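> First the structure, then my questions, so here it is.
The values are calculated or read from the model by the stated rules, or taken from the named source; none is laboratory data. Note that the structure is predicted; figures quoted are calculated from it, not measured. Heads up, the Cβs are rebuilt from the backbone with ideal geometry, glycines too, and the neighbour counts pull from every protein chain shown.
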Amino acid sequence: MTISLRRGAIIAAIAAGIVIATPAMASAHVGVSPDAVPRDASTLLTFSFSHGCVESPTTSLRITIPDGSPVADPTFDAAWDTQIEKGADGYTSAITYTAVRPVPQGVRGAVSLSFRPAEDAPENLAFPVEQTCETGTNEWTEVAKKGQDPESLESPAPAITLTKTATTPVAGDHGDHADAASDDEPSTADAYPVVPTVLGAGGLVAGIASLVVAVAAYRRRA
């Protein structure tokens, strides 16, 4: 009985270790944030990681841009040098970020770019990434097929979902500028509050009346 209990405890511990280790392994990839972006606007995408190639520090990331994307501009960052590749259509096809100093294992590294998808882009877009280290490389290029769970992939490519939430200005409207003005700029009522204005006018009238009375009294004494 004692032996059976010990065996059961060992099996349970091993199973628990597997359950704990599985999410850790699944999270060891290059991620992108946000993962849902508007279809008709530019968005700042951040690609981050906290691992190297086993224990080797990361020296560069090469991010492949979805075809036909009119905007894919890397953000200036003193920690990274950038190299832009162009496709036959003249749009950016890939961006390579080279670390000025290699990013150690266990230290979060991140690069960003301004991105706008093509008008006819599919709902889901992947950004395959080649992670190069001082020793070895990681290829984050797997894309989930229809009906496949992305979490089941061993080397998933960072991916985003396109939404239709971007605001389209109404005809005759000034869009964001009008919204900004209505939110941030005081209205006429705010700039000239009614009650203080009325009270101020009343005080002015009372002051003038007092002055007239004082002048009249002075003349009578004279």
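> Here is a list: ALA126, ALA144. Which entry is modelled with pLDDT of 95 or more and under 16 Å from GLY31 (Cα atoms)?
Only one candidate qualifies: ALA126.
> To continue, here is another question. Specify which of the listed residues (ALA79, ALA110) is farther than 22 Å from VAL143 by Cα and either surrounded by 13 or more Cβ atoms within 10 Å (Cβ to Cβ) or more than 16 Å from the chain's Cα centre (by Cα) (or both).
Step by step, each of ALA79, ALA110 is checked, and only ALA79 is farther than 22 Å from VAL143 by Cα and either surrounded by 13 or more Cβ atoms within 10 Å (Cβ to Cβ) or more than 16 Å from the chain's Cα centre (by Cα) (or both).
> Just to be sure I understand, how many residues within region 92-129 are farther than 20 Å from PHE76 by Cα and in contact with a Phe, Trp or Tyr (Cβ under 8 Å, 6 or more places away or on another chain)?
The total comes to 1.
> Which of the residues spanning region 47-68 are β-branched (Val, Ile, Thr) and within 13 Å of ILE95 (Cβ to Cβ)?
Correct list: ILE63, THR64, ILE65.
> What about THR167, is it in a loop (DSSP other than H, G, I, E, B), over 19 Å from ALA72 (Cα atoms) and modelled with pLDDT of 95 or more?
no
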